[in-house]
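Worksheet: the structure to be examined is printed underneath.
Here, each number is a calculation from the coordinates, and none is a lab measurement. All values derive from a computational prediction rather than experimental measurement. Heads up, the Cβs are rebuilt from the backbone with ideal geometry, glycines too, and the neighbour counts pull from every protein chain shown.
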Amino acid sequence: MSKILLDSAELNKAVKQMAKEIHKSVKDYKNLAIVGIHSNGVFIAKKILQELKTVTGFDIPFGTLDITLYRDDIDNLSSGEREIKDTEIPFDLEISKKNIILVDDVLYTGRTIRAALDFLMSFGRPQSIKLAVFVDRGGRELPIEPNFTGIKFHAGKKIKVECSQKDGEGRVVILD
């Protein structure tokens, strides 16, 4: 049983607010790139990218990361969780010139972000990396904090961003 924390309209409103904050902070769009972490970080990143394009008119380079092989708990994953998805960094030859916004759906312990940073750095050293997360749950085990946040929810319950890649709709639920 799960309880809906944000419906699709509320999720979209929060994403627009995140995109607005990102837009205010960006000084140079020609060197900006957005990278989403599989799976639902890619969903949120695409929504942010769409909002930024509407506001700026820029085609911002977009990439995806699958951090499965960089996780520190890979031995504890079920076979379904070990499925490797595509990693695409189309700007990898120019990564040293990029200011990257790394996007994930939920930030809790910080371990996923640590793995993503390790993997991203294997492509080269970007000018900067800022973190955008849709839900900040608190509970860090590592000193990692987001630069941009959709919502904060520190109730100690597990949160999941559910999304449909098919229709682009999503919602945020509290899992029991």
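When N is the residue count of region 96-176, what does its C-alpha Rg come to as a fraction of 2.2 N^0.38 Å? Please report the intermediate quantities before stating the final value.
Details: Rg = 13.9 Å, N = 81, 2.2 N^0.38 = 11.7 Å.
In units of the 2.2 N^0.38 Å rule of thumb, it is 1.19.
Which ordering of LYS53, LYS160 is given by a fewest-first count of other beta-carbon atoms within 10 Å?
Details: LYS53 13, LYS160 16.
Fewest to most other Cβ atoms nearby, the residues stand as LYS53, LYS160.
Label point of GLU21 set 7 angstrom out along Cα-Cβ; within region 115-140, amide nitrogens under 15 Å from it belong to 130-138.
Once every DSSP H run of n ≥ 4 in the chain is given -39500 (n - 2.57) and the sum is divided by its residues, what mean residue ellipticity at 222 nm do you get, rounded to the nearest 500 deg cm²/dmol?
On the way: 3 runs with 46 residues, N = 176.
Mean residue ellipticity at 222 nm (helix-derived): -8500 deg cm²/dmol.
Using the 10 angstrom Cβ neighbour count as an exposure proxy, how do HIS23, HIS154, HIS38 rank, fewest first? Intermediate values should be presented prior to the final figure.
On the way: HIS23 14, HIS154 9, HIS38 19.
In increasing order of surrounding Cβ atoms, one gets HIS154, HIS23, HIS38.
Multiply the residue separation of LYS130 and ASP28 by 0.36 nm, subtract the distance between their alpha-carbon atoms, and state the gained length in nm to one decimal.
Details: separation 102, 0.36 × 102 = 36.72 nm, distance 1.40 nm.
In short, 35.3 nm is gained.
With a simple spin-label model that places each label point 7 Å from the Cα along the Cα-to-Cβ direction, the separation between GLN50 and ARG140 comes to 3.1 nm.
Please report the antiparallel percentage of DSSP beta bridges with both residues in the chain, rounded to the nearest 5.
Working: 11 of 32 bridges.
Just about 35 percent of them are antiparallel.
In terms of other Cβ atoms within 10 Å, TYR70, TYR29 run from fewest to most in the order TYR29, TYR70.
What number, in percent, do you get for the relative contact order of the chain if the mean sequence gap of Cα pairs under 8 Å and at least 6 apart is divided by its residue count? Spell out each step's value before the answer.
Working: 332 pairs, mean separation 48.0, N = 176.
After rounding, I find 27 percent.
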